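For reference, the structure discussed in these notes is given below.
The values are calculated or read from the model by the stated rules, or taken from the named source; none is laboratory data. A quick note: this is a predicted structure, and the numbers were derived from the prediction, not measured. Cβ placement follows ideal geometry from the backbone for every residue including glycine, while neighbour counts extend to all protein chains displayed. Heads up: the accessible areas ignore ligands, DNA and RNA and are worked out on the full protein's heavy atoms, side chains in. Shrake-Rupley method; radii C 1.70, N 1.55, O 1.52, S 1.80 Å.
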Amino acid sequence: MLFDVFTIFPDGLKPYLEISILQRAIKNGLLDVHLHDLRSWTIDRHHTTDDTPYGGGGGMVMKCEPVFAAVEDVLGAPPACPVIMMTPQGRTFTQHVAQELVAYPRLALVCGRYEGIDERIREHLITDQISIGDYVLTGGELPALVLIDAITRLIPGALGDPDGAQDDSFASGLLEYPHYTRPPEFRGWGVPEVLQSGDHGAIARWRREQSLKRTLEKRPDLLEKFDLTPADRKYLAR
Ligand code: ADE
């Protein structure tokens, strides 16, 4: 899967692509991230990508020309893949949206900066807008990384364990069950007996019940949308 990221801070994204799962996915040819510096498509001496807003007021606005030129140069006109703007005004990014987007072989991500972007970019170039949550960051670079990270985990083979993403919190619609590893006792705190029993049926039941319990406690909103089995209902009714 190929991501084309358009930003004025390409160096800001690099370190995270050079560690762990993303680095390995790139090395294994499952993921490619092309970072495009929007300043390379400016034509003035100062490489200007922003300007003052029509109508006055504070702040600067990202200009049309470099963004259109960069995206069309790399992806053609009209662009050959979805062009996603990272913006707090977008639809909220969720595991469901990550699953939707992993189906594309290529995605372009445009990182906004400054107080805003010229509305004509939104109207005539961007095909989708995504927010990573109801708060405002200084730019779209971190949100772009969040998107790339969450989507890469869903590319078959990107996680070492083939079932890796299956039990994730949210993947099934429930929060994930608790995990333990050695030692069996740490500072007097033990590990649930059932996990050491070797009884796979009992372990699977315990994990399911823990997922239900956690989801009920922390995110009851998720349970409302979840298709409970008769056994789930029985457990929750206790
Ligand atoms: N740019 C600034 N804040 C953002 C957010 N919450 N999501 C996506 N892009 C953003």
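Could you check how many percent of all C-alpha pairs in the chain are farther apart than 34 Å? Don't skip to the end; give the middle numbers.
On the way: 9227 of 28203 pairs.
Roughly 33 percent, rounded to a whole number.
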query = Helix 141-152 versus the longest principal axis of the chain: what is the Cα-based angle in degrees, 0 to 90, to the nearest 10?
reply = 50 degrees
Cα-based equivalent ellipsoid, region 185-236: semi-axes from gyration tensor eigenvalues, Å = 25, 15, 7
message = Students often forget the sequence filter, so: which lysines lie under 24 Å Cα-Cα from LYS218 once same-chain residues fewer than 8 apart are removed?
response = LYS234
message = Among GLY139, GLY173, GLY188, which one shows the highest mean-square fluctuation when the chain is modelled as a Gaussian network with alpha-carbon springs under 10 Å?
response = GLY188
query = What lysines sit close enough to LYS14 to cross-link, taking a C-alpha to C-alpha distance under 24 Å and skipping anything fewer than 8 places away on the same chain?
reply = LYS27
query = With every protein chain left in place, what is the accessible area of ARG214 in Å² (1.4 Å probe, nearest 10)?
reply = 80 Å²
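Does region 29-133 classify as rounded, prolate or oblate by the C-alpha gyration tensor (a ≥ b ≥ c root eigenvalues; a/c under 1.5 gives rounded; else a/b over b/c gives prolate, otherwise oblate)?
It comes out oblate by the Cα gyration axes.
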Stretch in the chain that is longest and holds no GluC sites (Glu not before Pro) that DSSP places in a loop and that have at most 16 other beta carbons within 10 Å = 19-114
ask   = Rounded to two decimals, what is Rg over Rh for region 147-238 when you use alpha-carbon atoms and the Kirkwood radius?
value = 1.01
request  = Please list TRP189, TRP41 in order of solvent-accessible area, largest first, computed with a 1.4 Å probe with all protein chains present.
outcome  = TRP189, TRP41
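What whole-number value in Å² describes the accessible area per residue of the chain for a 1.4 Å probe? Mind showing how you got there, number by number?
Working: 14010 Å² over 238 residues.
Each residue of the chain exposes 59 Å² on average to a 1.4 Å probe.
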inquiry  = I'd like the accessible area for TYR114, computed on protein heavy atoms only with a 1.4 Å probe and all protein chains in place. Round to 10 Å², please.
reply    = 70 Å²
request  = Pull up the cross-link candidates among the aspartates and glutamates for LYS213, meaning alpha carbon to alpha carbon under 16 Å and not fewer than 8 places away within one chain.
outcome  = ASP167, ASP168, GLU176, ASP221, GLU224, ASP227, ASP232
query = Gap in Å between the Cα centre of region 25-63 and the Cα centre of region 105-121?
reply = 8 Å
key: Heavy-atom accessible area order for HIS179, HIS200, HIS47, largest first, 1.4 Å probe   = HIS200, HIS179, HIS47
ask   = Carbon and sulfur: what percent of the chain's accessible surface (1.4 Å probe)?
value = 53 percent
query = Any idea what angle helix 64-75 forms with the longest principal axis of the chain, computed on alpha-carbon atoms, 0 to 90 degrees, nearest 10?
reply = 60 degrees
request  = Report the residue, chosen from PHE170, PHE226, PHE186, that carries the largest GNM mean-square fluctuation when the chain is represented by alpha-carbon nodes joined by springs under 10 Å.
outcome  = PHE186
